[in-house]
1. At 7 Å along the Cα-to-beta-carbon direction for both M213 and A162, put a label point, then send me their distance in nm to one decimal.
2. How large is ³J(HN,Hα) for each residue in region 430-437, as worked out from phi by the Karplus curve 6.51 cos²θ - 1.76 cosθ + 1.60 (θ = phi - 60°), to whole Hz, x for Gly and Pro?
3. Could you name the lysines in cross-link range of K566, using Cα to Cα under 30 Å and dropping any fewer than eight places away on the same chain?
4. Take D171 and R15, extend 7 Å from each Cα along the Cα→Cβ direction, and tell me the distance between the two endpoints in nm.
5. Could you give the size of the charge dipole of the chain about its Cα centre, using +1 on the Cβ of each K and R and -1 on the Cβ of each D and E, expressed in debye and rounded to the nearest 20?
6. Grab the Cα-Cα distance for R336 and R519, subtract it from 0.36 nm times how many residues apart they are, and report the gain in nm with one decimal.
7. Go through region 506-516 residue by residue and turn each phi into a ³J(HN,Hα) via Karplus (6.51, -1.76, 1.60, θ = phi - 60°); whole Hz please, and just put x for glycine and proline.
8. Suppose the chain between T470 and E453 were pulled fully straight at 0.36 nm per residue; how much longer would it get relative to their current alpha carbon spacing?
Amino acid sequence: MSSSGPEIDETPRRRDVRNIAIIAHVDHGKTTLVDGFLRQAGSFRTGEVIADCAMDSNDLERERGITILAKFTAITWKGTRINIVDTPGHADFGGEVERVLKMVDSVLLLVDAFEGPMPQTRFVTRKALALGLRPILVVNKIDRAGCDPDAAVNDTFDLFCALGASEEQLDFPVVYASGREGYAVRDLKDERKDLSPMLDLVVQAAPPPLANMDAPLSMHVATLDYDDYLGYVAIGRMLSGRIHQGERALCVHRDGSREEFRVAKILGYQSLKRFELQEAVAGDICAITGMHDLTVGETITEIARPVVLPLLEIEEPTVKMQFLSNNGPFAGQEGRFVTSRNIRERLFKEIKSNVALRVLETDSPDTFEVLGRGELHLSVLIETMRREGYELMVSQPQVIFKEGPNGEKLEPYEELVIDLDEAYNGPVIEELGRRGGRMQEMGPAGEGRTRLEYVIPSRGLIGYRSQFLTDTRGTGILNHNFIHYGPYAGTFKGRTNGVLIAQDPGQTNTYALFYLQERGALLLPPGIPVYGGQVVGLHARGNDIIVNPSKAKKLTNIRTTAADEKLFLTPPLNLTLEAALELINEDELVEVTPKSIRLRKRILDHNERKRVEKLRDQGLEG
């Protein structure tokens, strides 16, 4: 609700409500802190068994230990209702963060006392400051050995200055906490008991929401849910007015069309539960059901006095991939949804709630171009579809180029921050240089560790994470965040290894794989069905070779000294979905089914593939 300064002062506020979001870099402890809030406010009954990170409710979030979707909860503290939004920490899910920040009046900015502000801290803080929100700084993990809370506060102040914060925003209150241990203090010398000092500070420092209950009803749909019983569930903040269950209301859609509907249910949040409300008023964060169609960013308002709010603007995607229906020999054996029609319906359903995603149809009816904010953003979608029973094939992630004002080619650049042991500096710096990275800063990050800061083209990071973990023996920490579009950085050399391609359909066996492992790293154990054109391993050299992983031992009646030798196989590379996406080249695809992840060539027929490669090479030479 945009209004001039004097009018804002006259607008009534709800003193009994506070709306806050918790924002931070990934893994700085947002969800753990929300658990602490729920315990502190007595939201769990005595003896109730609560999982860690209770707000991370879906399986993918629990497995990866990250928040993917923004979650809503509320607690009551000393008579004040505090609505809390737990946000994702990865830049790839920045679309979620941008939307939910418009629902709140203040943010708790969490900063790790050991690491200080990180790239994602900059991203979410910039969004919060631009919206005029006044942050409360929480220096978390003060129980961690070697941490420096004062340095974290100073670095955050410097970050605010660099992002152009106002005088009011620079005068931010600070609280020190350990979400895991469940205590907070205003001063490091204070006694460490519980989280009540932080909750008291939220009530004191977060401004009460503007709440003109006599104005026309207006609510922005910040996120949505779908329930088989209730249908679409619109979740957002009531900006003005009031709404009752059973009333008729108006939903103004993205395309300008208007749908009148009866409010079936109004749902409120309390701890981990949703409950029914008879009425919601300005300042509440609630859920409304009853509409037939819904997309994120739309407006729910009154029929008699409609107020149409501006559509939410979300940053453009930077990475694209092709999603194809599975046309391999094993298609339809493991999944329930296989056809291009199934995949199309699922993708267009996804963009209703996942607003940072774009889906484009191509000339081929079984191929869709999907654009997202990063590799993780798209791989979470693929993994979700896989678990729902979909079979599909996906191509290598590629960055989205743009044209500059003078017709020049532009590509996305990322800010990269790496923490690693000093012993591994050499190979990492060399590899980043090869991938077009420019070092901005290099300094100590604790005992025996170094922090490197780079600006690097997004293209240079595709496929780098697995290489980085190998170079640092799994001890390095890598964080990156999109910053801007810049000049095209030229061509980079891709994967240096060729692949081992299965010659014919069959089943892998120990005898064949034993002699193949000398040629490179295997991707499959024995006893796995394969088809011609499937990738079964990485070649030690740069060229692709066709091999037979199903070759059986010829049995004769002649005994030899080597006849009964036991064959030992090196364990195969166990590829996750992200690792598979990073590994493939342009002429390869990842086949994703509910039970398997396979690598294959785009063209399975060996003769046809050779012919296309020959034509391509001639074209390059010409």
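1. Roughly 4.6 nm, to one decimal.
2. Per residue, the Karplus-derived 3J(HN,Hα) values read 4, 5, 5, x, 5, 8, x, x Hz.
3. Within the straight-line limit of under 30 Å, K566 reaches these lysines: K551, K553, K554.
4. 2.2
5. On the way: 75 positive and 91 negative charges, 328 e Å.
The dipole of the chain has a size of about 1580 debye.
6. Values: separation 183, 0.36 × 183 = 65.88 nm, distance 3.70 nm.
Between R336 and R519, full extension yields an extra 62.2 nm.
7. Result, rounded to whole Hz: x, 10, 5, 9, 4, 4, 5, 5, 4, 7, 7.
8. Numbers: separation 17, 0.36 × 17 = 6.12 nm, distance 1.95 nm.
Result: 4.2 nm gained on full extension.
The values are calculated or read from the model by the stated rules, or taken from the named source; none is laboratory data. These numbers were taken from a predicted model, which means no experiment stands behind them. Here Cβ is always computed from backbone atoms with ideal geometry, including for glycine, and neighbour counts include all displayed protein chains. These accessible areas exclude ligands, DNA and RNA; they are computed on the full protein's heavy atoms, side chains included. Shrake-Rupley method; radii C 1.70, N 1.55, O 1.52, S 1.80 Å.
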